[in-house]
Amino acid sequence: LAGLSLKIPENTATIALIGPNGSGKTSVLEALSMLTPTRGLLGADGKSQITQGKKEWGIWAEADDRELGQSFSKGERKLHIDGHKHLLEKLAQLGSVVWLTPETDFLFSGPPAIRRRWLDDVTTAYIPAHANAVARYQQHRQARLKLLVAGKGGDWLDAEERLAAEW
């Protein structure tokens, strides 16, 4: 799918995408989800979303008299609002999106780690700075694990645990 243009009339209450399997319904939803500050509907990183040998992608939309867009180029996601580059966190100031799909049924029956990750995504939708806090926590958690595997502890382990708890 090289390009698609959808015009949705104002005050549209419901939109239904109907078509056979493999016709691109989920791709349209995933593309729209890339206009959110989260990892998108399917949770894939930018590199995973590149298909058909393309090294770059972009999605653009007009909403509330604003032009929004995201592009992926040279390993980096970039946000564009009204022709200017912004940090991805700026999207959260414009609104938030929470995805609940049949695929999220596992949240309530699967392991707690998946539930925590989803809650982190929801929190990030409302509080963009939470993404940085989660990244720092994960970094300190991994450093703590390396210390434990190496059989080291003491002050280094205490420091990693303290730093992880601060975020």
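The values are calculated or read from the model by the stated rules, or taken from the named source; none is laboratory data. Everything numeric here is computed off the predicted structure, so don't read it as measured data. FYI the Cβ positions are ideal-geometry reconstructions off the backbone, even for glycines, and counts take in every protein chain you see. Keep in mind that these areas ignore ligands, DNA and RNA; they rest on the heavy atoms of the full protein, side chains included. Shrake-Rupley method; radii C 1.70, N 1.55, O 1.52, S 1.80 Å.
Structural remarks
- Derived scalar couplings ³J(HN,Hα) [region 129-146; Karplus, 6.51 cos²θ - 1.76 cosθ + 1.60; whole Hz; x for Gly, Pro]: 5, 4, 4, 5, 5, 5, 4, 5, 4, 4, 4, 6, 5, 5, 5, 4, 4, 4
- Most to least accessible of Ile81, Ile15 (protein chains only, probe 1.4 Å): Ile15, Ile81
- Amide H contacts of Glu67 (H built 1.01 Å from N, under 5 Å, at least 5 apart or other chain): Asp82
- Take Glu166: with every protein chain present and a 1.4 Å probe, its accessible area is about 120 Å².
- Rounded to the nearest 10 Å², the accessible area of Glu89 at probe 1.4 Å: 70
- Among Ser73, Ser23, the sequence by solvent-accessible area, most first, with a 1.4 Å probe is Ser23, Ser73.
- Pairwise label distance in nanometres, Phe108 with Leu145, each label 7 Å out on the Cα-Cβ vector: 2.9
- Over 31 Å (Cα to Cα) - which of Lys78/Lys146; Lys90/Lys146; Lys7/Lys78; Lys85/Lys146; Lys25/Lys90; Lys25/Lys78 fall in this group: Lys78/Lys146; Lys90/Lys146; Lys85/Lys146
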